[in-house]
1. Using DSSP to define loop residues, name the trypsin sites (Lys or Arg not before Pro) in the stretch 48-116 whose beta-carbon has at most 11 other beta-carbon atoms within 10 Å.
2. If each residue of separation counts as 0.36 nm, what is the full-extension length gain between Val121 and Leu89 once their alpha-carbon separation is subtracted?
3. So for the pair Ala46, Thr142, with labels modelled 7 Å out along Cα→Cβ, what separation do we get in nm?
4. To the nearest 10 degrees, how steep is helix 137-154 against the longest Cα principal axis of the chain, on a 0 to 90 scale?
5. Kindly state, to the nearest 0.05, the FRET efficiency for Ser99 paired with Arg74, given R0 = 25 Å and r defined as their beta-carbon distance.
6. Can you tell which of Phe51, Phe14, Phe116 shows the greatest fluctuation in a Gaussian network model of the chain with Cα springs below 10 Å?
7. For a 29 Å ceiling on Cα separation, which of these pairs sit above it: Lys43/Lys134; Lys6/Lys30; Lys34/Lys81?
8. Where Lys and Arg each count +1 and Asp and Glu each count -1, what net charge lies around Lys129 among other residues with Cβ under 15 Å from its Cβ?
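Where a number appears in this text, it was derived from the coordinates with a stated rule and is not lab data. Computed from a predicted model, the values in this text were never measured in an experiment. Note that each Cβ is placed from the backbone with ideal geometry, even for glycine, and that neighbours are counted across all protein chains shown.
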Amino acid sequence: MLLVEKAAYLAGLFKALGLSLDISSFEKRKKIQKLVYLLKLKKDLARYLPFEFNIYFAGPYSTELADVYYSIDREGVEPAKVVVDEDALEYAKYIGGLSHNELELIATLVELIRRFKTRDVNGLAWLVKGIKPKFTKKDIETALKTIEYLEKRFGVDIEGV
């Protein structure tokens with residue numbers, strides 16, 4: 001898929017889901033990165049989001065996604081027509097309502113669960129604290145409960161690749 005196609009689908013998906021693609025600050029760009037990472041967990045949304053992520057200090061990050069949202073801003077890309085079901089809308093509304101810290105921690109934990117194939121709270125706490133000392137073990141326990149909720153309520157694929 002070409003950059004312009006990815007940009008049109010990203011813009012169209014965010015429009016269909018009622019999410020903001022405002023990239024005017026570092027915090028807003030970071031939020032978009034975490035939202036896209038978590039939206040990809042929902043199979044019917046993943047097809048619009050062909051971005052690869054790597055773990056960074058602030059959690060999963062995609063340089064390609066950054067190129068795409070900068071191109072939308074720079075070139076005024078027309079959003080593609082994207083239709084999503086009610087469950088996807090509810091999922092987007094739920095994760096869109098999470099705080100920046102919650103998004104960062106949840107996305108980081110999902111990436112660590114995928115990489116290390118564990119949900120052991122002590123092991124995950126040790127890994128998270130090594131890169132994000134601002135989060136407590138209680139924060140991590142709460143985020144893991146949220147991840148379980150996302151799996152049960154919305155059928156997201158945490159274990160996938």
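1. Lys81
2. Here the answer is 8.5 nm.
3. For Ala46 paired with Thr142, the spin-label model returns 2.9 nm.
4. Between the helix axis and the principal axis of the chain, the angle is about 50 degrees.
5. Plugging the Cβ-Cβ distance into 1/(1 + (r/R0)^6) gives 0.30.
6. Result for the chain, Cα springs under 10 Å: Phe116 fluctuates most.
7. With Cα atoms farther than 29 Å apart: Lys43/Lys134.
8. 0
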